[in-house]
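*Asks:* Take a look at this one; I'll ask things after.
The values are calculated or read from the model by the stated rules, or taken from the named source; none is laboratory data. These numbers come from a predicted model, not from an experiment. Methodologically, a virtual Cβ is constructed for each residue, glycine included, from the backbone with ideal geometry; neighbour enumeration extends over all protein chains shown.
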Amino acid sequence: MIELSVPVLAGIIFAAICAILLLAVGVINIRSGRKALDRLRSEGRTVVWHKQVLILFGLNNIVFAAMLILITLLVILASPGVRYIIIALIALLLLISVFLVIRCVTSALQTSRDLTSTLRKSQE
């Protein structure tokens with residue numbers, strides 16, 4: 001059995017609470033994004049889920065929660081073989097997270113451009 005000191009145990013509990021909160025915020029963002037997609041589709045617009053900022057942000061929060069859990073496991077586990085697998089998974093999740101952030105920013109910029117052009121057309 002692994003002996004854990006009080007500060008390490010407190011850190012694990014804090015990381016678990018943060019991971020649960022990130023998961024909850026991610027699910028809430030994804031649900032809000034789906035509602036926004038339904039609203040836009042009811043207005044007759046064609047939109048795809050992977051350009052919806054809230055959905056991308058929700059997915060990114062879930063990826064961050066998974067990274068936090070893996071980092072916590074990395075601190076706890078002592079087996080070198082398992083540590084290498086966890087490090088590889090953390091690197092993969094980091095790449096996915098960077099991709100999601102880039103997609104989120106580009107989608108937000110595109111939405112801003114679309115709204116600006118719509119406002120200009122309505123003013124003319």
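*Asks:* Report yes if LEU100 is under 19 Å from ALA19 (Cβ atoms) and in contact (Cβ under 8 Å) with a residue 40 or more places away in the chain, otherwise no. Spell out how you get there, then give the answer.
*Replies:* Details: under 19 Å from ALA19 (Cβ atoms): yes; in contact (Cβ under 8 Å) with a residue 40 or more places away in the chain: yes.
The answer is yes for LEU100.
*Asks:* Something else now. Filter the stretch 8-25 down to the residues that are surrounded by fewer than 15 Cβ atoms within 10 Å (Cβ to Cβ) and farther than 16 Å from LEU74 by Cα and list them by number.
*Replies:* If the condition is that a residue be surrounded by fewer than 15 Cβ atoms within 10 Å (Cβ to Cβ) and farther than 16 Å from LEU74 by Cα, then ILE17, ILE20, LEU21, ALA24 are the ones that fit.
*Asks:* Condition (residue is at pLDDT below 95, farther than 15 Å from THR111 by Cα and of a type in the set (Gly, Ala, Ser)) applied to the stretch 22-40: is it met by at least one residue?
*Replies:* Within the stretch 22-40 (the criterion being at pLDDT below 95, farther than 15 Å from THR111 by Cα and of a type in the set (Gly, Ala, Ser)), the answer is no, since none of the residues qualifies.
*Asks:* Restricting to the stretch 48-73, name every residue that is without any contact (Cβ under 8 Å) to a residue 24 or more places away in the chain and either surrounded by 15 or more Cβ atoms within 10 Å (Cβ to Cβ) or in contact with a strand residue (DSSP E or B) (Cβ under 7 Å, 6 or more places away or on another chain) (or both). Spell out how you get there, then give the answer.
*Replies:* At the first step, the residues of the stretch 48-73 found to be without any contact (Cβ under 8 Å) to a residue 24 or more places away in the chain are 48-49, 70, 73.
Result: LEU70, LEU73.
*Asks:* Is there any pair linking a residue in the stretch 110-123 that is touching a residue at least 12 places away in the same chain (Cβ under 8 Å) and outside any helix (DSSP H, G or I) to one that is among the basic types (Lys, Arg) and surrounded by 10 or more Cβ atoms within 10 Å (Cβ to Cβ), with Cβ under 7 Å and at least six apart or on different chains, and which?
*Replies:* Listed by first residue and then by second, the contacts come to nothing, as the list is empty.
*Asks:* Filter the stretch 78-113 down to residues that are modelled with pLDDT of 95 or more and of a type in the set (Gly, Ala, Ser) and give me whichever is surrounded by the most Cβ atoms within 10 Å (Cβ to Cβ).
*Replies:* So the residue we want is SER97.
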